[in-house]
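All remarks here apply to the structure that follows.
The values are calculated or read from the model by the stated rules, or taken from the named source; none is laboratory data. A quick note: this is a predicted structure, and the numbers were derived from the prediction, not measured. Reconstructed Cβ throughout: ideal geometry from the backbone, glycine too, with neighbour counts over all protein chains shown.
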Amino acid sequence: MGLDLRLLTAAMELLKDKHPQEVDIKEIYDFIERKVEFTELQLKLHSQIAGQEELNWMHDIRNLLGTAKSKGNVINPLREHWALPRKLDSVKLDPELCFDAMVKRASLAVRTNESFSCKRTDSRFQVRRYSSENIEILKLQSGKIYNLNKEMVISKINHLLNCGGVLEIGMFHKWSIVESAIIYLCDQIHFSDSKVIRIDTF
(Lines give C-alpha, C1' and ligand atoms only; values in the text may rest on other atoms or scores of the structure.)
Protein backbone atom coordinates (compact mmCIF):
# COMPACT_ATOMS: atom_id res chain seq x y z
CA MET A 1 0.00 0.00 0.00
CA GLY A 2 1.37 3.41 -1.01
CA LEU A 3 1.67 6.51 1.10
CA ASP A 4 -1.51 8.51 1.76
CA LEU A 5 -1.41 11.40 -0.71
CA ARG A 6 -4.04 13.27 1.33
CA LEU A 7 -1.20 14.15 3.69
CA LEU A 8 0.81 15.80 0.92
CA THR A 9 -2.27 17.55 -0.49
CA ALA A 10 -2.92 19.14 2.91
CA ALA A 11 0.76 20.13 3.34
CA MET A 12 0.83 21.70 -0.14
CA GLU A 13 -2.31 23.69 0.69
CA LEU A 14 -0.55 25.19 3.71
CA LEU A 15 2.68 25.89 1.78
CA LYS A 16 0.73 27.67 -0.97
CA ASP A 17 -1.05 29.78 1.62
CA LYS A 18 2.24 30.74 3.31
CA HIS A 19 4.33 31.21 0.12
CA PRO A 20 7.07 32.50 -0.09
CA GLN A 21 7.66 31.88 3.65
CA GLU A 22 9.14 28.69 5.05
CA VAL A 23 6.85 26.59 7.25
CA ASP A 24 8.08 24.64 10.28
CA ILE A 25 7.31 20.90 10.15
CA LYS A 26 5.37 21.24 13.44
CA GLU A 27 3.04 23.76 11.82
CA ILE A 28 2.60 21.34 8.92
CA TYR A 29 1.74 18.56 11.41
CA ASP A 30 -0.83 20.79 13.15
CA PHE A 31 -2.45 21.73 9.84
CA ILE A 32 -2.65 18.11 8.64
CA GLU A 33 -4.19 17.02 11.96
CA ARG A 34 -7.03 19.50 11.39
CA LYS A 35 -7.51 18.50 7.74
CA VAL A 36 -7.10 14.71 7.57
CA GLU A 37 -9.00 11.90 9.28
CA PHE A 38 -6.35 9.30 10.10
CA THR A 39 -6.65 5.54 9.96
CA GLU A 40 -5.89 3.40 12.99
CA LEU A 41 -2.56 2.37 11.45
CA GLN A 42 -1.56 6.00 10.80
CA LEU A 43 -2.04 6.78 14.50
CA LYS A 44 0.33 4.04 15.65
CA LEU A 45 3.96 4.78 16.50
CA HIS A 46 6.34 4.22 13.61
CA SER A 47 8.77 1.44 14.46
CA GLN A 48 12.37 2.33 13.69
CA ILE A 49 15.78 1.28 14.95
CA ALA A 50 17.04 4.81 15.56
CA GLY A 51 15.84 8.38 15.28
CA GLN A 52 12.95 10.29 16.70
CA GLU A 53 9.77 8.56 17.80
CA GLU A 54 6.79 9.67 15.74
CA LEU A 55 3.40 8.50 14.55
CA ASN A 56 3.20 6.64 11.25
CA TRP A 57 1.48 9.55 9.48
CA MET A 58 4.21 11.96 10.59
CA HIS A 59 6.88 9.63 9.21
CA ASP A 60 4.87 9.33 5.98
CA ILE A 61 4.52 13.09 5.42
CA ARG A 62 8.27 13.52 5.87
CA ASN A 63 8.83 10.88 3.18
CA LEU A 64 6.23 12.48 0.91
CA LEU A 65 7.85 15.91 1.30
CA GLY A 66 11.27 14.37 0.58
CA THR A 67 9.97 12.86 -2.66
CA ALA A 68 8.30 16.15 -3.60
CA LYS A 69 11.62 17.91 -2.97
CA SER A 70 13.49 15.53 -5.29
CA LYS A 71 10.89 16.29 -7.99
CA GLY A 72 11.37 20.04 -7.49
CA ASN A 73 7.84 20.63 -6.15
CA VAL A 74 8.92 21.84 -2.68
CA ILE A 75 12.11 23.09 -1.06
CA ASN A 76 13.77 22.43 2.29
CA PRO A 77 15.88 25.59 2.76
CA LEU A 78 16.29 25.23 6.54
CA ARG A 79 16.24 22.21 8.82
CA GLU A 80 12.68 21.13 9.57
CA HIS A 81 11.31 23.91 7.32
CA TRP A 82 9.55 23.55 3.97
CA ALA A 83 8.30 25.95 1.29
CA LEU A 84 7.33 26.18 -2.35
CA PRO A 85 10.14 26.78 -4.87
CA ARG A 86 11.29 30.39 -5.34
CA LYS A 87 13.66 30.12 -8.26
CA LEU A 88 15.06 33.44 -9.46
CA ASP A 89 15.02 34.25 -13.18
CA SER A 90 18.36 36.01 -12.73
CA VAL A 91 20.07 32.75 -11.70
CA LYS A 92 20.68 30.81 -14.90
CA LEU A 93 22.49 27.52 -14.59
CA ASP A 94 22.20 24.17 -16.35
CA PRO A 95 22.82 21.45 -13.71
CA GLU A 96 23.69 18.86 -16.36
CA LEU A 97 26.34 21.10 -17.90
CA CYS A 98 27.59 21.76 -14.38
CA PHE A 99 28.18 18.06 -13.83
CA ASP A 100 29.97 17.70 -17.18
CA ALA A 101 32.28 20.57 -16.16
CA MET A 102 32.82 18.90 -12.77
CA VAL A 103 34.02 15.74 -14.54
CA LYS A 104 36.63 17.81 -16.42
CA ARG A 105 37.69 19.44 -13.15
CA ALA A 106 37.90 15.98 -11.54
CA SER A 107 40.17 14.85 -14.38
CA LEU A 108 42.56 17.71 -13.63
CA ALA A 109 42.47 16.93 -9.90
CA VAL A 110 43.42 13.30 -10.56
CA ARG A 111 46.26 14.25 -12.94
CA THR A 112 47.76 16.73 -10.47
CA ASN A 113 47.06 14.58 -7.36
CA GLU A 114 45.24 17.59 -5.89
CA SER A 115 43.63 17.36 -2.46
CA PHE A 116 40.92 19.52 -0.95
CA SER A 117 39.89 20.51 2.56
CA CYS A 118 36.32 19.92 3.74
CA LYS A 119 34.70 23.24 4.67
CA ARG A 120 32.87 21.95 7.76
CA THR A 121 35.41 19.51 9.21
CA ASP A 122 38.83 20.42 7.71
CA SER A 123 39.35 16.76 6.77
CA ARG A 124 41.16 16.21 3.46
CA PHE A 125 39.84 14.43 0.37
CA GLN A 126 40.82 13.67 -3.22
CA VAL A 127 39.11 12.63 -6.42
CA ARG A 128 39.85 8.89 -6.72
CA ARG A 129 38.34 8.22 -10.15
CA TYR A 130 35.69 9.65 -12.44
CA SER A 131 33.42 8.88 -15.39
CA SER A 132 30.69 10.71 -17.28
CA GLU A 133 28.16 9.46 -14.69
CA ASN A 134 30.05 9.45 -11.38
CA ILE A 135 32.91 11.09 -9.50
CA GLU A 136 34.46 9.03 -6.71
CA ILE A 137 35.79 10.92 -3.70
CA LEU A 138 38.29 9.47 -1.21
CA LYS A 139 38.45 10.79 2.37
CA LEU A 140 42.18 10.66 3.09
CA GLN A 141 42.07 10.16 6.88
CA SER A 142 39.69 7.19 6.84
CA GLY A 143 39.89 5.82 3.30
CA LYS A 144 36.10 6.10 3.02
CA ILE A 145 34.69 6.45 -0.51
CA TYR A 146 31.86 8.82 -1.45
CA ASN A 147 30.11 8.87 -4.83
CA LEU A 148 28.96 12.00 -6.59
CA ASN A 149 26.66 10.39 -9.12
CA LYS A 150 25.24 12.59 -11.86
CA GLU A 151 21.58 12.20 -10.86
CA MET A 152 22.27 13.17 -7.23
CA VAL A 153 24.40 16.19 -8.15
CA ILE A 154 21.79 17.46 -10.62
CA SER A 155 19.09 17.05 -7.95
CA LYS A 156 21.13 19.03 -5.39
CA ILE A 157 21.89 21.85 -7.83
CA ASN A 158 18.23 22.01 -8.87
CA HIS A 159 17.24 22.29 -5.20
CA LEU A 160 19.74 25.12 -4.74
CA LEU A 161 18.24 26.89 -7.76
CA ASN A 162 14.72 26.35 -6.42
CA CYS A 163 15.84 27.96 -3.14
CA GLY A 164 16.77 31.13 -5.03
CA GLY A 165 20.46 30.26 -5.32
CA VAL A 166 21.32 30.44 -1.62
CA LEU A 167 21.37 27.75 1.10
CA GLU A 168 22.92 27.47 4.52
CA ILE A 169 25.96 25.25 4.67
CA GLY A 170 24.78 21.77 5.56
CA MET A 171 21.50 22.17 3.69
CA PHE A 172 23.06 21.61 0.25
CA HIS A 173 24.06 18.09 1.32
CA LYS A 174 24.01 16.65 4.83
CA TRP A 175 27.38 14.90 4.35
CA SER A 176 30.10 17.52 4.66
CA ILE A 177 32.60 15.79 2.33
CA VAL A 178 30.01 15.43 -0.45
CA GLU A 179 28.89 19.04 -0.04
CA SER A 180 32.45 20.38 -0.19
CA ALA A 181 33.43 18.12 -3.10
CA ILE A 182 30.53 19.27 -5.28
CA ILE A 183 31.24 22.92 -4.52
CA TYR A 184 35.00 22.70 -5.09
CA LEU A 185 34.50 20.88 -8.39
CA CYS A 186 31.70 23.15 -9.68
CA ASP A 187 32.94 26.59 -10.74
CA GLN A 188 29.48 28.18 -10.58
CA ILE A 189 28.87 27.38 -6.90
CA HIS A 190 30.96 28.62 -4.03
CA PHE A 191 31.07 29.05 -0.27
CA SER A 192 30.35 32.57 0.94
CA ASP A 193 31.65 32.98 4.51
CA SER A 194 30.64 30.19 6.85
CA LYS A 195 26.89 30.39 6.44
CA VAL A 196 25.69 30.03 2.88
CA ILE A 197 26.31 28.41 -0.43
CA ARG A 198 25.66 30.77 -3.29
CA ILE A 199 25.37 30.50 -7.05
CA ASP A 200 26.97 33.35 -8.95
CA THR A 201 24.37 35.23 -10.93
CA PHE A 202 25.43 35.99 -14.45
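Brief remarks on what is shown
- When LEU138 is tested against (1) within 24 Å of ARG79 (Cβ to Cβ); (2) touching a strand residue (DSSP E or B) at 6+ places or on another chain (Cβ under 9 Å); (3) not in a helix (DSSP H, G or I), just one condition goes unmet, and that condition is (1).
- Scanning the stretch 62-93 for residues being of a type in the set (Asp, Glu) and in contact (Cβ under 8 Å) with a residue 12 or more places away in the chain gives a total of 1.
- The set of residues in the stretch 95-132 that are of a type in the set (A, V, I, L, M, F, W, C) and buried (at least 18 other Cβ atoms within 10 Å of the Cβ) comprises CYS98, PHE99, MET102, VAL103, ALA106, ALA109, PHE116, CYS118, PHE125, VAL127.
- Extreme residue, nearest to LEU167 (Cα to Cα), among residues of the stretch 100-116 that are touching a residue at least 12 places away in the same chain (Cβ under 8 Å) and either part of a loop (DSSP other than H, G, I, E, B) or under 21 Å from the mean Cα position of the chain (by Cα) (or both): MET102
- Filtered residues of the stretch 140-194 (kept if of a type in the set (D, E, K, R) and without any contact (Cβ under 8 Å) to a residue 60 or more places away in the chain): LYS144, LYS150, GLU151, LYS156, LYS174, ASP193
- Members of the stretch 155-202 that are of a type in the set (A, V, I, L, M, F, W, C) and surrounded by fewer than 16 Cβ atoms within 10 Å (Cβ to Cβ): TRP175, VAL196, PHE202
- Residue within the stretch 149-167 that is part of a loop (DSSP other than H, G, I, E, B), out of contact with any Gly (no Cβ under 9 Å at 6 or more places or on another chain) and closer than 21 Å to THR67 by Cβ present: yes
- The stretch 6-17 - residue that is under 14 Å from ASN73 (Cα atoms) and touching a residue at least 40 places away in the same chain (Cβ under 8 Å) and, of those, farthest from the chain's Cα centre (by Cα): LYS16
- On inspection, LYS174 passes the criterion of being over 16 Å from ALA106 (Cα atoms) and in the same structural domain as LEU108 (by TED's automatic domain parsing).
- Under the condition of being over 17 Å from LEU97 (Cβ atoms), surrounded by fewer than 17 Cβ atoms within 10 Å (Cβ to Cβ) and not polar (S, T, N, Q), the residues counted in the stretch 137-154 number 5.
- Criterion (assigned to a loop (DSSP other than H, G, I, E, B) and among the hydrophobic types (A, V, I, L, M, F, W, C)) met by exactly one of LEU41, LEU64, LEU97: LEU41
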